[in-house]
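A.B. asks: There's a structure below that I have some questions on.
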Amino acid sequence: MGRFQMRCRPAAPPGCWLVLAAFLGGLMDGRALAQVEHVAAEPAKTASVRIVFVGDVMLGRAPGEAIARGEDPFADLAAILKDADLTVGNLECVVATCGEPVPKPVNLRAGPACIPLLQRYFSAVSVANNHSGDYGPEALVEQLALLESAKVPYFGGGRNRKEAHRPLILERNGLRVALLGYNDVIPPSFEAGEDRPGTAWLRPADVIAAIKAAREVDHADLVIPVPHWGVENKPRPEEYQRVLARRMIDAGADAVIGGHAHVTQTVELYKGRPIVYSLGNFVFDWRIPGPPMVSWIVRLTLSKLEPPQMETFVATVDRTDGFPRLSLKPKK
Ligand SMILES: [Zn+2]
């Protein structure tokens, strides 16, 4: 395991958020109420919140078979996943028993046996990705119900467009953290409609308005967009991602934590705020032989007045079983 740490300097003096907030945009008409989960609060003035983000969590195929045998794909990383106020991942499959694979090259579905593991390790999961619709809207609705009954909060998807776009607000240590999930990876048919279950599509105007509304309307202290975007297996982000990520920070995001490429990409500091374009896979088997895949686990420490701190843990993901591990162990 490797680890590096980045201290981010604020581009503006503390307190400027309060001034800036006064100029931020207004209510979005018809906006769904945020989902809010409260946990015992303490005074927010000096409080900080530690959030761990991991990349794509795919619990079907080989990881799913292992879970059915009673194995735990997260075991090797358990200490890092647990040592946080919030732990967030991208659920890169649909968790359901129903539905039929829709026409596309790869369809990923996990069985409900993975739900207790999500419950154990994650404070929230994003469902805004290019696999949550793999078995049709009926399967997605089953997944949402499974997550709800297990009290695993989710964001970036829902039973209709309003639900899909609503922020998830999690409160820890007196700080309100808004998580916003978006996907722009095809197929576009996975996008939620007025009355159709699906994901929140990544459109710059919507994202910028949502970041501002999270602060203005939902009174979030911290706002983190989690975009699922970019091109698979490329080591660098596309220009549109770089432009949009900076716009998100300009609009008030405290960090941007992206994924989808299956590989890690670059990290950027913009106005003292970290932009991680792709965390890589976290739990994912891979049928093409090759060396273990690299996975970043990012831990952000955020507060209202101090600049964000970011630590990155590096794990490797075994292509055969799809499990992340802290270090490579020689095979006998
Ligand atoms: Zn993806």
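A.B. asks: Of the residues Leu108, Leu175, which is touching a Lys or Arg at 6+ places or on another chain (Cβ under 8 Å), over 23 Å from Asp206 (Cα atoms), within 15 Å of the ligand (Cβ to nearest atom) and in contact (Cβ under 8 Å) with a residue 24 or more places away in the chain? Spell out the reasoning first.
C.D. replies: On the way: Leu175 fails: within 15 Å of the ligand (Cβ to nearest atom).
Within the list Leu108, Leu175, the selection yields Leu108.
A.B. asks: Right, another one. Could you tell me whether segment 209-224 includes any residue that is within 14 Å of the ligand (Cβ to nearest atom), closer than 24 Å to Pro188 by Cα, under 18 Å from the mean Cα position of the chain (by Cα) and not aromatic (Phe, Trp, Tyr)? Outline the logic, then answer.
C.D. replies: So the first thing to find is which residues in segment 209-224 are within 14 Å of the ligand (Cβ to nearest atom), and the list is none.
No, segment 209-224 contains no residue that is within 14 Å of the ligand (Cβ to nearest atom), closer than 24 Å to Pro188 by Cα, under 18 Å from the mean Cα position of the chain (by Cα) and not aromatic (Phe, Trp, Tyr).
A.B. asks: Here is a follow-up. Starting from residues that are without any contact (Cβ under 8 Å) to a residue 60 or more places away in the chain, part of a loop (DSSP other than H, G, I, E, B) and under 12 Å from Gly157 (Cβ atoms), keep the ones in segment 190-201 and report whichever is nearest to the ligand (Cβ to nearest atom). Talk me through it step by step, then tell me what you get.
C.D. replies: First, pick out the residues of segment 190-201 that are without any contact (Cβ under 8 Å) to a residue 60 or more places away in the chain: 191-196, 201.
Still in the running and part of a loop (DSSP other than H, G, I, E, B): 192-196.
Of the ones still in play, those that are also under 12 Å from Gly157 (Cβ atoms) are 192, 196.
On the way: Ala192: 17, Arg196: 20 Å.
So, considering only residues that are without any contact (Cβ under 8 Å) to a residue 60 or more places away in the chain, part of a loop (DSSP other than H, G, I, E, B) and under 12 Å from Gly157 (Cβ atoms), the one nearest to the ligand (Cβ to nearest atom) is Ala192.
A.B. asks: Picking from Ala128, Ala150, which residue would you name as being surrounded by fewer than 18 Cβ atoms within 10 Å (Cβ to Cβ) and small (Gly, Ala, Ser)? Steps first, answer last, please.
C.D. replies: Numbers: Ala128 fails: surrounded by fewer than 18 Cβ atoms within 10 Å (Cβ to Cβ).
Of Ala128, Ala150, the one residue that is surrounded by fewer than 18 Cβ atoms within 10 Å (Cβ to Cβ) and small (Gly, Ala, Ser) is Ala150.
A.B. asks: Looking only at segment 170-201, which residues are over 19 Å from Pro308 (Cα atoms) and buried (at least 24 other Cβ atoms within 10 Å of the Cβ)? Don't jump to the end; show me each part of the working.
C.D. replies: Of segment 170-201, the ones over 19 Å from Pro308 (Cα atoms) are 181-201.
Listed by number, the residues that qualify are Gly181, Tyr182, Asn183, Phe190, Ala192, Pro197, Gly198, Thr199, Ala200.
A.B. asks: Which fully enclosed strands (runs of 3 or more DSSP E) of segment 237-325 have 1 or more residues being modelled with pLDDT of 95 or more, polar (S, T, N, Q) and at negative phi?
C.D. replies: Details: elements: 267-270, 273-276, 281-283, 293-303, 309-317.
Correct list: 281-283, 293-303, 309-317.
A.B. asks: Now, a different point. Select from segment 64-97 the residues that are in a strand (DSSP E or B) and either of a type in the set (Asp, Glu) or on the phi > 0 side of the Ramachandran plot (or both) and list them in ascending order.
C.D. replies: Here is the first cut: in segment 64-97, the ones in a strand (DSSP E or B) are 86-91, 94-95.
Within segment 64-97, none qualify.
A.B. asks: Please determine whether any residue of segment 236-258 is surrounded by fewer than 18 Cβ atoms within 10 Å (Cβ to Cβ), within 15 Å of the ligand (Cβ to nearest atom) and either within 26 Å of Pro73 (Cα to Cα) or not basic (Lys, Arg) (or both).
C.D. replies: yes
A.B. asks: What number of residues within segment 115-140 satisfy the criterion of being under 13 Å from the mean Cα position of the chain (by Cα), of a type in the set (A, V, I, L, M, F, W, C) and more than 16 Å from the ligand (Cβ to nearest atom)?
C.D. replies: The total comes to 2.
A.B. asks: Here are Pro187, Pro227: which of them is within 24 Å of Leu300 (Cα to Cα) and within 14 Å of the ligand (Cβ to nearest atom)?
C.D. replies: Pro227 is the lone residue from the list that is within 24 Å of Leu300 (Cα to Cα) and within 14 Å of the ligand (Cβ to nearest atom).
A.B. asks: Tell me, please, whether a residue that is under 24 Å from Val298 (Cβ atoms) and at pLDDT 95 or above can be found in segment 96-107.
C.D. replies: So the first thing to find is which residues in segment 96-107 are under 24 Å from Val298 (Cβ atoms), and the list is none.
Looking through segment 96-107, none of the residues is under 24 Å from Val298 (Cβ atoms) and at pLDDT 95 or above.
A.B. asks: Same structure, new question: (1) surrounded by 24 or more Cβ atoms within 10 Å (Cβ to Cβ); (2) out of contact with any Ser or Thr (no Cβ under 8 Å at 6 or more places or on another chain); (3) among the small types (Gly, Ala, Ser): which one isn't true of Ala205, the others all being true?
C.D. replies: (1)
A.B. asks: Tell me yes or no: at least one residue of segment 51-66 is touching a strand residue (DSSP E or B) at 6+ places or on another chain (Cβ under 6 Å) and aromatic (Phe, Trp, Tyr).
C.D. replies: Yes - at least one qualifying residue is present in segment 51-66.
The values are calculated or read from the model by the stated rules, or taken from the named source; none is laboratory data. Not measured: the values here are computed from a predicted model. A quick note on method: Cβ atoms are made from the backbone with ideal geometry, for glycine too, and the neighbour counts reach across all protein chains shown.
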